[in-house]
Amino acid sequence: SDTNESFLPWREGGLAHQSYQLATPLFKKGASFLQASAFYEDDDGQFPFQNSNASGVRGFNASNLSRISLKGAQVGENFRLDYNLLGGKQVQQSPGAINFPLVTRQDSEGFLASFSPHYFFSDRNSLKTRLTHMKLDSDFLESGLTSFSNQTTTSFQNEWIFDVSDKTKLQFFADGFFHELDNSFVGQNLKQDNFEAGPFLSFYSTENLKHQVGGRYLFRNQKFLPSLS
């Protein structure tokens, strides 16, 4: 494909921009499924230019992106597991303006994994959990100076759902968030975490009027945030 430079003349030997995407068929058995995909994109960035002062072909202007993903779900009699895996790598270059060159380059690679198990203890009682982990590492080059940024993020969410009756439901949440950053500019081993939990009760006072009461307790601030709707 020639998606971003169609207004420029094509150079002999090929196109400036190319992308490929592959995907497996959707493998499905009952309610379970699995599918994988891969994506690749490349742009050499060497397009011709001409202005009142100079003309030529741009250099150090390439970009490249590669990504793979896997998505699926396993379903049992009282259990369901959804998962999503993603990994990628990207390189971006920039020569700056033609009259004011500023050579920069960014190399990034990372992955993300998400798992969501859901347990059904009975028709009215279930526990749903979601665990997500992400890691992203980047290196930067600007005018001969190098820097880096590495970060890791992990979060989990738990939701217990209990249907007391057809019109009354009890829910309990417990969520956590953890983040760590190493950066050339702001420092290394910087950490941030947060944890909160709380109950919610929803019920109908009439056939068409629903209420919800509850709240969340923030462990970092040691405060409870009530909720009424």
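The values are calculated or read from the model by the stated rules, or taken from the named source; none is laboratory data. Everything numeric here is computed off the predicted structure, so don't read it as measured data. Every residue, glycine among them, receives a Cβ derived from its backbone with ideal geometry; neighbour counts consider all protein chains shown. Surface areas here come from the heavy atoms of the whole protein model, side chains and all, with no ligands, DNA or RNA. Shrake-Rupley method; radii C 1.70, N 1.55, O 1.52, S 1.80 Å.
Values as computed for the structure displayed
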{"read-out": "Of all residues in the range 113-149 being of a type in the set (F, W, Y) and surrounded by fewer than 16 Cβ atoms within 10 Å (Cβ to Cβ), the one that is nearest to S63 (Cα to Cα)", "value": "F148"}
{"read-out": "Residue in the range 157-174 that is farther than 20 Å from T129 by Cα, surrounded by 14 or more Cβ atoms within 10 Å (Cβ to Cβ) and in contact with a strand residue (DSSP E or B) (Cβ under 7 Å, 6 or more places away or on another chain) present", "value": "no"}
{"read-out": "Pairs with Cβ under 6 Å, 6+ apart, first in the range 216-229 and more than 17 Å from E159 (Cβ to Cβ), second of a type in the set (V, I, T) and at pLDDT 95 or above", "value": "L228/V213"}
{"read-out": "Among (1) open to solvent by 40 Å² or more (accessible area, probe 1.4 Å); (2) touching a residue at least 24 places away in the same chain (Cβ under 8 Å); (3) in a strand (DSSP E or B) - the single one F185 does not satisfy", "value": "(3)"}
{"read-out": "Complete set of residues in the range 37-52 that are closer than 14 Å to H17 by Cβ and in contact with a Gly (Cβ under 7 Å, 6 or more places away or on another chain)", "value": "Q46"}
{"read-out": "Candidate set: the range 202-228, residues that are within 31 Å of the chain's Cα centre (by Cα) and hydroxyl-bearing (S, T, Y); chosen: the one least open to solvent (accessible area, probe 1.4 Å)", "value": "S227"}
{"read-out": "P199 being surrounded by 13 or more Cβ atoms within 10 Å (Cβ to Cβ), under 31 Å from the mean Cα position of the chain (by Cα), on the phi < 0 side of the Ramachandran plot and in a strand (DSSP E or B)", "value": "yes"}
{"read-out": "Options G72, G59, G110, G87; residue that is open to solvent by less than 40 Å² (accessible area, probe 1.4 Å) and modelled with pLDDT under 95", "value": "G59"}
{"read-out": "Failed item in (1) closer than 30 Å to G96 by Cα; (2) open to solvent by 50 Å² or more (accessible area, probe 1.4 Å); (3) at pLDDT 80 or above, with F39 passing the rest", "value": "(2)"}
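Listed here are the residues, each with its yes/no results for (1) in contact with a Leu (Cβ under 9 Å, 6 or more places away or on another chain); (2) not charged (D, E, K, R).
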position: V164; (1), (2): yes, yes
position: F178; (1), (2): no, yes
position: F185; (1), (2): no, yes
position: S205; (1), (2): no, yes
position: R216; (1), (2): yes, no
position: F224; (1), (2): yes, yes
